[in-house]
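Peer 1: Have a look at this one before I ask anything.
The values are calculated or read from the model by the stated rules, or taken from the named source; none is laboratory data. Everything numeric here is computed off the predicted structure, so don't read it as measured data. Glycine gets a Cβ as well: all are built from the backbone with ideal geometry, and neighbour counts include every protein chain shown. Accessible surface is based on the protein model in full, side chains and every heavy atom, while ligands, DNA and RNA are left aside. Shrake-Rupley method; radii C 1.70, N 1.55, O 1.52, S 1.80 Å.
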Amino acid sequence: MNERQIVIGVAVFRDGKVLAALRAGPGGGWEFPGGKVEPCETDHVAGARELREELGLEVTLGAALGADVPIDDRYALRVYAADVRAGEPVPLEHAEIRWVGLDELDGLEWLPADRPFLPAVRDRLGVAPEL
């Protein structure tokens, strides 16, 4: 059995909200933006590159938000937390993007592979910022 290729999702946090992206086209749903890890790329490099390409956003990736989640027989999703370094997100490849707070998180129609990461995102959003 071949090992699944890793797809990076990036949960970008800012001001008590997380960035959600609506996938364009048929079967679209809300996701943490990102994409495939290319050969010779680390997860962090791939995640930063994908956010730059998809959203025009510079981010710093932190820790993974849980175990890998199979998408299908070929791919597995790995989601990392990230903070904005520079820029404002622009939906270059998504139908819509939205900053969502804790109270809005469950109201979105998340893609199945992204749903298992919601408890970790919820925990992070529920933490009061350090002074």
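Peer 1: Does Gly35 meet the test of being small (Gly, Ala, Ser) and either within 12 Å of Trp110 (Cβ to Cβ) or open to solvent by less than 50 Å² (accessible area, probe 1.4 Å) (or both)?
Peer 2: Taking the combined requirement at face value, the residue satisfies it.
Peer 1: Another one. Scan region 14-25 and report the pairs whose first residue is closer than 8 Å to Trp99 by Cβ and whose second residue is open to solvent by less than 10 Å² (accessible area, probe 1.4 Å) and not hydrophobic (A, V, I, L, M, F, W, C), with Cβ atoms within less than 6 Å and a gap of 6+ or a chain change.
Peer 2: Lys17/Gly101
Peer 1: Here are the criteria: (1) outside any strand (DSSP E or B); (2) open to solvent by less than 20 Å² (accessible area, probe 1.4 Å). Tell me which single one Ala76 does not satisfy.
Peer 2: Against the list (1) outside any strand (DSSP E or B); (2) open to solvent by less than 20 Å² (accessible area, probe 1.4 Å), Ala76 comes up short only on (1).
Peer 1: When only residues in region 85-101 that are open to solvent by less than 80 Å² (accessible area, probe 1.4 Å) and assigned to a loop (DSSP other than H, G, I, E, B) count, which is nearest to Gly29 (Cα to Cα)?
Peer 2: The extreme case among them is Pro91.
Peer 1: Here is a follow-up. Can you give me the number of residues within region 26-63 that are in contact (Cβ under 8 Å) with a residue 12 or more places away in the chain and in contact with a helix residue (DSSP H, G or I) (Cβ under 8 Å, 6 or more places away or on another chain)?
Peer 2: 11
Peer 1: When you scan region 1-47, how many residues do you find that are of a type in the set (A, V, I, L, M), outside any strand (DSSP E or B) and touching a strand residue (DSSP E or B) at 6+ places or on another chain (Cβ under 6 Å)?
Peer 2: Of the residues in region 1-47, 3 are of a type in the set (A, V, I, L, M), outside any strand (DSSP E or B) and touching a strand residue (DSSP E or B) at 6+ places or on another chain (Cβ under 6 Å).
Peer 1: Same structure again: Note down all Cβ pairs under 7 Å where the first residue falls in region 92-117 and is closer than 30 Å to Arg4 by Cα and without any contact (Cβ under 8 Å) to a residue 40 or more places away in the chain, the second is of a type in the set (A, V, I, L, M) and surrounded by 14 or more Cβ atoms within 10 Å (Cβ to Cβ), and they're at least six residues apart or on different chains.
Peer 2: Short answer, once both residue conditions are applied: Leu92/Leu55.
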